[in-house]
Each structure stands twice: as C-alpha cells, then as structure tokens.
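Data block below; observations after.
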Amino acid sequence: DAGITQSPRHKVTETGTPVTLRCHQTENHRYMYWYRQDPGHGLRLIHYSYGVKDTDKGEVSDGYSVSRSKTEDFLLTLESATSSQTSVYFCAISESRTEIYEQYFGPGTRLTVT
Amino acid sequence: AQKITQTQPGMFVQEKEAVTLDCTYDTSDQSYGLFWYKQPSSGEMIFLIYQGSYDEQNATEGRYSLNFQKARKSANLVISASQLGDSAMYFCAMRSKTGNQFYFGTGTSLTVIP
C-alpha cells in the first residue's frame, strides 16, 4: 500500500471557522491532489500540486487554498468553512516516473460543517 | 474539455456471473490514460486497471478486463465471475498525458446477489 495518511480522519466544525486538512506521503511522489467526494458528483478536483510550492486550481477551488512547503506534505485550508463544504476529502499522489501515472489515495477525511 | 460519463447509477449481478460497467469519455487529446477504481463501503479508493490510449490490446488484471473501443470513446470494465466482495462503487477516470489532472465519472454502484 502506498504510504499516504490524512489527518484528521473526522472533523466537525462550525460555519465561519478556518479548517486545515493535512495529507502526508512517504513515497516521494511529485504530484499530490485534493478531491472532494459528494453523492451524485463522484470525485471532483479541488487543487493539485506538481512540486514544492507549485500548485494549481481544479474544478471546485473556490473557498479553498493549499500549500506545499515540503514534498511529503500537502495542506488544504478552508479559510471560512461553509455548510456546502461538508464532504469527504481525499488526498491522492501520483508519480510521472512510470508510464501509467496511476493515483493512490489516502483514507479520506470526513468533514462536517454545522 | 475532458469529461467522463457513467450512465449506470446502480447495477445488480448474480454471484459467479460476469458484469459490464459502462464508461464513455470525451477528450480532444491524442494521448491519455483510462483508469478504473473500486470504492467499497469502507471508503478507500482502490486502483483496479489501466488502459493507455495507444495500447492495442485490452488491459486485463485477474478478473478485471477493460473493453477499450477508441473510436467510440468507451472504456467499459468487465468483471468476470462476480464475487460478493465485488459489491462496491466503481469509478472510471481519465488522465491526459499532457496535463496533470484526473477526471472522474460519477460512479456505478454494483451489488452482487448471492
């Protein structure tokens, strides 16, 4: 199994509070991704990173920011959480050294905004 | 724009029978990769199988095979000899070789009936 951890695994927070989710990898993979999963929508990309301090927006980036100061850590921040951000958040990693580029996923973080 | 379509929200299959899960995609890229992931009720995302756009043969991994029809832009997953443990959500995904993003379908929920 790829070495990907997410913390926290579960979080309940109130509307308007800041929240930071952490993704940590031990695989030294170049690419890291944050997705949210909601019923009827599958997985939607929030932000991704293609190296330290190199990040780009995905299709649902509004209300989220990211940072990657080390290869192994990718942080997702909700500056002011809203109820629409209640979701399951998945981190994923990928590496361009192989032809396939498959993604490996973390266990997910269930976030509830009340 | 890249898009993945899975038109079967739910499927049922008898144990030991084969089942096909549909996936169509839309891309203007010449080089891309197609993936299938399994998500059991426990929530983790498990990589199943990969097909490259230039691969001439359909990919196979154990009981999983990918029926790739490039002209029709379809990449259907075939599961042979279904087992109760195959009951899960299945997601089709695509990655453009020129980009860093993955695009996911909305998923198909498969239930294997004893």
Report task. Name every residue in the range B:27-45 that is touching a strand residue (DSSP E or B) at 6+ places or on another chain (Cβ under 8 Å), under 15 Å from B:Met94 (Cα atoms) and more than 9 Å from chain A (Cβ to nearest Cβ), in order of residue number. Result -> B:Thr27, B:Asp29, B:Ser31, B:Tyr32, B:Leu34, B:Trp36, B:Lys38
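Can you find a residue in the range A:24-31 that is in a strand (DSSP E or B), more than 11 Å from chain B (Cβ to nearest Cβ) and at pLDDT 95 or above? Outline the logic, then answer.
Of the residues in the range A:24-31, the ones in a strand (DSSP E or B) are A:24-25, A:31.
Pick out the ones that are also more than 11 Å from chain B (Cβ to nearest Cβ) and you get A:24-25.
Imposing the further condition that a residue be at pLDDT 95 or above reduces the set to A:24-25.
There is at least one residue in the range A:24-31 that is in a strand (DSSP E or B), more than 11 Å from chain B (Cβ to nearest Cβ) and at pLDDT 95 or above.
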Report summary line: Among (1) without any contact (Cβ under 8 Å) to a residue 24 or more places away in the chain; (2) closer than 26 Å to B:Ala59 by Cβ; (3) surrounded by fewer than 19 Cβ atoms within 10 Å (Cβ to Cβ); (4) not hydrophobic (A, V, I, L, M, F, W, C), A:Tyr48 falls short only on (3)
Query raised in the report: When you look at A:Gly42, is it within 10 Å of chain B (Cβ to nearest Cβ), touching a Ser or Thr at 6+ places or on another chain (Cβ under 8 Å) and at pLDDT below 95, yes or no?
Result: yes
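Taking the condition of being assigned to a loop (DSSP other than H, G, I, E, B) and open to solvent by 60 Å² or more (accessible area, probe 1.4 Å), how many residues in the range A:65-91 meet it?
Taking the range A:65-91 and keeping what is assigned to a loop (DSSP other than H, G, I, E, B), we get A:71-72, A:79-82, A:86.
Adding the requirement that they be open to solvent by 60 Å² or more (accessible area, probe 1.4 Å) leaves A:72, A:79-80.
So the count comes out to 3.
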Query raised in the report: Which one is least open to solvent (accessible area, probe 1.4 Å), of the residues in the range B:18-65 that are acidic (Asp, Glu) and in contact (Cβ under 8 Å) with a residue 24 or more places away in the chain?
Result: B:Asp29
Query raised in the report: Can B:Gln6 be described as open to solvent by less than 80 Å² (accessible area, probe 1.4 Å), under 30 Å from A:Arg9 (Cα atoms) and touching a residue at least 40 places away in the same chain (Cβ under 8 Å)?
Result: yes
Query - Flag if A:Gly108 is at positive phi and either facing chain B (nearest Cβ under 10 Å) or in contact with a Ser or Thr (Cβ under 6 Å, 6 or more places away or on another chain) (or both) - result: yes
**Report entry** Residue satisfying condition, being surrounded by fewer than 20 Cβ atoms within 10 Å (Cβ to Cβ) and within 13 Å of another protein chain (Cβ to nearest Cβ), within set A:Asp62, A:Asp56
**Finding:** A:Asp56
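The values are calculated or read from the model by the stated rules, or taken from the named source; none is laboratory data. Computed from a prediction, not measured in an experiment: that's the story for all the values here. FYI the Cβ positions are ideal-geometry reconstructions off the backbone, even for glycines, and counts take in every protein chain you see. Keep in mind that these areas ignore ligands, DNA and RNA; they rest on the heavy atoms of the full protein, side chains included. Shrake-Rupley method; radii C 1.70, N 1.55, O 1.52, S 1.80 Å.
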